[in-house]
Amino acid sequence: MAEIQSSAPAARGRKPRSKKHTFRLDMTPMVDLAFLLLTFFILTATFNKPTTMDLTMPMKGPSSDVPDKNALTLILGKDSKVHYFFGLNRADVARPELRTTNFSAEGLRQVLLQRQRRQPAPVVLIKAGPDAKYRDLVDVLDEMNITDQTKYALVDFTAADQQLLDRNPL
């Protein structure tokens with residue numbers, strides 16, 4: 001408890017003055033109130049729940065083939081570059097035209113939105129190249145959610161994809 005005591009020595013030859021009363025402030029109730037309020041707000045507060053991205057994985061079994069006209073293939077490269085082409089990279093079809101963009105709103109997002117306007121239900125195949133970073137994969141998945149892509153899949157990077165990148169130095 002806090003107390004303030006003042007006792008001044010009496011001066012000689014002067015009139016005695018009225019005695020000053022000591023001021024005593026008891027801080028106990030204020031501290032109790034502060035802890036009660038703190039406890040109340042901590043117990044009634046709702047904490048932020050971590051937000052997670054829902055990712056549904058395909059069932060095990062026979063794989064379904066994607067038509068060439070519905071496919072958009074994204075290859076994640078080094079330096080946060082995204083290489084993309086329309087269709088699939090197969091040996092029985094002509095070599096696709098490889099284009100490059102980035103993760104900005106004018107880059108990959110515009111490519112996805114334009115493809116969605118031309119093809120109502122595109123299938124986006126995402127391939128992480130050997131130089132891709134984990135952050136690039138997360139950014140691509142974020143763009144899938146932002147542009148409301150309904151069908152996309154994470155696909156293995158193949159030797160044919162590496163040959164396509166080697167033929168098109170960008």
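What follows is calculated from the coordinates using simple rules that are stated; it is not laboratory data. As the structure is a computational prediction, the values presented were derived from the model and not from experiment. Glycine also receives a Cβ, built like all others from the backbone with ideal geometry; neighbour counts cover every protein chain displayed.
Tabulated data for the structure shown
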read-out	value
Those residues of segment 115-134 which are within 13 Å of Y84 (Cα to Cα) and surrounded by fewer than 17 Cβ atoms within 10 Å (Cβ to Cβ), in sequence order	none
Cβ-Cβ under 8 Å pairs, at least 6 apart or on other chains, segment 115-129 side within 12 Å of M144 (Cα to Cα) and in contact (Cβ under 8 Å) with a residue 40 or more places away in the chain, far side of a type in the set (S, T, N, Q) and part of a loop (DSSP other than H, G, I, E, B)	P122/Q149; V124/Q149
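Here's the yes/no breakdown for (1) acidic (D, E); (2) in a loop (DSSP other than H, G, I, E, B); (3) more than 23 Å from N70 (Cβ to Cβ):
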{"residue": "L137", "(1), (2), (3)": "no, no, no"}
{"residue": "A153", "(1), (2), (3)": "no, no, no"}
{"residue": "F157", "(1), (2), (3)": "no, yes, no"}
{"residue": "Q163", "(1), (2), (3)": "no, no, yes"}
